[in-house]
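Below: the structure, in structure tokens.
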Amino acid sequence: MTGAGPRPFELVPRRRFVGAPFGHRRSARRGEGDEVAGTRPYRPGDQRAHIHWPASARLSAARGTDEFVVREFYADEAPCVAVVCDRRPAMAIHSGPGPGLDKRAAVAAAARLIAASADAEHADLVYADGVGAAPVFLRAGTRGSTLPQRLDGEFDAPEQSLRLALDALARRSTELPSGSFVFAVSDFLVPVPAALWLHLRARLWDVVPVVVQDPVWEQSFPEVGGVVLPIEDPASGRPADLFVSGREARARAGAHAARWDALRGRFRRLGFDPVLVGTDDPFAIANAFARWADRRRRLRRSTR
């Protein structure tokens with residue numbers, strides 16, 4: 001880590017790409033770029049700078065006519081990283097009494113870290129949150145002044161915020177090349193339809209759920225039977241008191257653990273490798289992403 005903040009993590013793709021490493025890879029199509037793909041006969045409108053003079057001289061000598069050959073290049077195609085944030089009101093509260101997880105801070109820290117990591121890889125960035133009409137596409141180098149403004153806004157999206165944002169991204173799928181990362185940041189307590197997950201996976205996008213849940217209050221429940229707990233209404237933000245009996249505490253613990261196991265099983269069946277965020281500390285969140293990247297590197301080495 002550096003004094004300025006958490007260090008960006010490496011974006012390790014699940015699939016291997018032919019050519020240059022991720023972040024600097026070329027497209028398979030022809031276009032404007034630096035890497036020569038081959039040559040072809042000159043066509044009207046071709047740039048003079050692209051003429052391959054030695055090849056043109058050889059072809060002209062062989063045919064006895066003036067012939068010109070131009071170089072073709074692989075198009076430079078930047079990778080793309082999409083950050084999809086769940087901005088329903090429940091994502092802006094503390095998940096438990098006292099020093100529980102501050103979800104708003106955790107979402108902002110995770111999204112900013114993803115954006116910084118995309119910047120380190122010279123990647124374009126997409127941001128979607130279910131608020132407004134469409135995802136925001138940011139070219140490399142332009143995200144710094146725009147993403148924080150979006151993250152600091154109100155968490156007032158509909159209950160199906162994540163589904164709406166992912167669906168909006170899917171409708172713009174032609175703008176995201178295969179292999180693009182899609183980081184979905186949510187507690188996933190409002191399920192996303194399986195058909196939508198399968199649709200995103202069919203696009204050959206690298207879907208990475210970023211699960212923001214309090215391990216004490218949402219993945220389990222403490223033994224606090226017979227006490228009054230201070231809670232916060234997610235819609236209004238107003239505080240309230242909740243009495244929990246010992247039986248209710250045990251029931252909640254069992255239900256939360258079963259819900260957590262079901263969520264992990266769903267992602268495992270889909271072939272997703274989630275990042276687990278149970279804190280709002282930016283450095284701890286960076287460590288969680290670093291562990292995710294390390295898992296992927298080890299997996300790639302084991303499948304060589």
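Here, each number is a calculation from the coordinates, and none is a lab measurement. What you are looking at is a predicted structure, and each value in this text was computed from that prediction instead of being measured. Note: ideal-geometry Cβ built from the backbone for every residue, glycine included; neighbour counts use all protein chains shown.
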- request: Could you rank the peptides 162-175, 265-278 by their average count of other C-beta atoms within 10 Å per residue, with the highest value first?
  value: 162-175, 265-278
field: Rounded FRET efficiency, nearest 0.05, which uses the C-beta distance separating residue 55 from residue 269 and R0 of 51 Å
entry: 0.40
statement: Sorted by chain and then number, the residues having a modelled amide H within less than 5 Å of the amide H of residue 207, at least 5 places away or on another chain, are 182
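Could you tell me the calculated FRET efficiency between residue 287 and residue 261, based on Cβ-Cβ distance and R0 = 35 angstrom, to the nearest 0.05?
Details: r = 24 Å, r/R0 = 0.68.
Given R0 = 35 Å and the Cβ-Cβ separation, E is 0.90.
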statement: Here the percent of antiparallel bridges among DSSP beta bridges lying wholly in the range 175-304, to the nearest 5, is 40 percent
